[in-house]
Amino acid sequence: MMKSPASLTIHEAAAALRAKTLSSVELTKAVFERIRAVEPQVHAYLHLTEEDALAQAAASDRRRAAEESRGPLDGVPIALKDNLCTRGVPTTCASKILERFVPPYDATVVTRLRAAGAVITGKTNLDEFAFGSSTENSAFGPSRNPWDLDRVPGGSSGGSAAAVAADEAIAALGSDTGGSIRQPAALCGLAGLKPTYGRVSRYGLIAFASSLDQIGPLAKDVEDCAILEEAIEGWDAADSTSVRLEGPSVTQASAGDIQGLRIGIAKEWLGTGLDPEVRAAVDGARVPLEKLGCTFREISLPLQDYALPIYYLVAPAEASSNLARFDGVKYGRREDGANIVEMYKKSRSAGFGPETKRRIILGTYVLSAGYYDAYYLKALKARTRLRQDYLDALKECDALLSPATPTPAFRIGEKADDPLQMYLSDIYTVSVNLVGLPALVVPCGFSAAGLPIGMQLIGRAFDDATLLRVGARYQNVTDWHRRKPPLPDSGEGGV
């Protein structure tokens, strides 16, 4: 059966465009036909930009006809998480407080995608302000997992993951503050990369926790992750935390074999709470990696069990500070009040959802007089020790292997009334953000219910390429990433 253009990877689409067996306009139309067919069920998008996307696609075709192609992303439809600022296109963070906000500028990653010729399909759903692990916290309704529409796609980049898994975009960008790229990638059967902190500019990303946030790709395979990371990475004068990169490009550095690489598995990752099917799938991934020449060793990360409480002190504290700007005065939702204090209260009460309010209150509490030293300062000290644990482990290992999530995708509503259980969904991912290292999630199996399972590879700072190389070689000898969800069309269109 002929492969639908919407189901192509970036590198497959680039090859077809280069060979002129497919035009960018044809590819973009196929993606929007797919969106019309399945979006009523999946709800991956908050805003679509079809007219502008077709204009971008036509411009790409003209460049290609003039032999002026800009590379593998030129003419390829890409979706953007709706916390990335887009000039002239609403950027809501899935929050009512920004429901009518239209930025006057593009985020740096968006500027770089446009420079690479990418076609922007629209803005994807997320947990409000990226606060969540299921996309149920969106003010505009949850996204659904294309593998089982009764289950969550993960979060907070759940809309981006659902769009790519459902072939509503060739690939997408998300943001990752505690696992928000990697967790939905695992639950939707995708590759997802959280780059090293500082590798990708955060300018134009509406901040959650500035010392943790990082933008990265969600894609159908690891090769596409490398292509997207190369397009968006690099120093940016507008982001004081961005780093100048030296050496070969990430796509060049991620080529080659993995013979002799040492991979560590921490005993702390394999304790109670890990679903047996997830553990079996991650254990099973060792076999092809060993055949490819990797060796495995057990390591210890003594402070790993403290990662979640450290995260839920540091991240809400930074979120409380960052979200203070949404006060109803300068932009966004504004409710009238008898005085300025009442206006603040009414605007923020109406504009923020329950999980956002919970995190603001928690963050404000740990930063308050009398509690700063007892909670926030101790968390910062523990964070430094946790980072040292990872650095020590990576002195004797080239990468670390862990589960990506404790379970496969859970049902919508299953954890909505239990914040602690929801927070535990990120138990394997939050530490990577706390220590600033890169991590890649790759599909490694399926549950008996047919739900994807992902494994996580963690690497040394700015050695994202090694993770991509391991993931790509693993995908060369497995086919988990090639499977497609049994998503029926809604009957409203199709390709």
(request) Within the stretch 384-413, work out how many residues are more than 19 Å from S157 (Cα to Cα) and either open to solvent by 40 Å² or more (accessible area, probe 1.4 Å) or in contact with an Asp or Glu (Cβ under 6 Å, 6 or more places away or on another chain) (or both). (result) 8
(request) Go through (1) under 23 Å from G174 (Cα atoms); (2) open to solvent by 40 Å² or more (accessible area, probe 1.4 Å); (3) over 20 Å from the mean Cα position of the chain (by Cα) and name the single condition R18 misses. (result) (1)
(message) Based on this model, can you work out whether A13 counts as of a type in the set (A, V, I, L, M, F, W, C) and in a helix (DSSP H, G or I)?
(response) yes
(message) Among the numbered criteria (1) touching a Gly at 6+ places or on another chain (Cβ under 9 Å); (2) over 20 Å from L149 (Cα atoms), which one does D463 miss?
(response) (1)
(request) Name the single residue, out of those in the stretch 191-203 being in contact with a strand residue (DSSP E or B) (Cβ under 7 Å, 6 or more places away or on another chain) and open to solvent by less than 10 Å² (accessible area, probe 1.4 Å), that is nearest to P104 (Cα to Cα). (result) V200
(message) Being assigned to a loop (DSSP other than H, G, I, E, B) and more than 26 Å from V314 (Cα to Cα) is the filter here; which residues of the stretch 333-381 pass it?
(response) R333, R334, E335, D336, G337, A338, N339
(message) Which pairs turn up if I take residues in the stretch 58-83 that are closer than 19 Å to T111 by Cβ and acidic (D, E) and look for partners that are open to solvent by 10 Å² or more (accessible area, probe 1.4 Å) and assigned to a loop (DSSP other than H, G, I, E, B) with beta carbon separation below 8 Å, at least 6 apart in sequence or on another chain?
(response) D74/A116; D82/P90
(request) Quick one: which residue in G154, G132 is within 16 Å of the chain's Cα centre (by Cα), farther than 25 Å from S349 by Cβ and touching a residue at least 40 places away in the same chain (Cβ under 8 Å)? (result) G154
(request) Answer yes or no as to whether T429 is closer than 20 Å to V282 by Cα and touching a residue at least 40 places away in the same chain (Cβ under 8 Å). (result) yes
(message) Quick test for you: out of P153, P142, pick the one residue that is closer than 17 Å to A185 by Cα and open to solvent by less than 10 Å² (accessible area, probe 1.4 Å).
(response) P153
(message) Can you go through P103, P90 and tell me which one is farther than 17 Å from G174 by Cα, in contact (Cβ under 8 Å) with a residue 12 or more places away in the chain and surrounded by fewer than 21 Cβ atoms within 10 Å (Cβ to Cβ)?
(response) P103
(message) Suppose we filter the stretch 230-275 for residues that are assigned to a helix (DSSP H, G or I), touching a Lys or Arg at 6+ places or on another chain (Cβ under 8 Å) and closer than 19 Å to Q456 by Cα; how many remain?
(response) 1
(request) Looking only at the stretch 31-42, decide whether some residue is open to solvent by less than 30 Å² (accessible area, probe 1.4 Å), farther than 12 Å from P77 by Cβ, part of a helix (DSSP H, G or I) and small (G, A, S). (result) yes
(request) Sort out which residues of the stretch 306-324 are closer than 24 Å to R348 by Cα and of a type in the set (A, V, I, L, M, F, W, C), and write them in order of number. (result) L313, V314, A315, A317, A319, L323, A324
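The values are calculated or read from the model by the stated rules, or taken from the named source; none is laboratory data. These numbers come from a predicted model, not from an experiment. Neighbour counts are summed over all protein chains in view; Cβ atoms, including those assigned to glycine, are modelled from backbone coordinates with ideal geometry. For accessibility, only protein heavy atoms count, side chains too; no ligands or nucleic acids. Shrake-Rupley method; radii C 1.70, N 1.55, O 1.52, S 1.80 Å.
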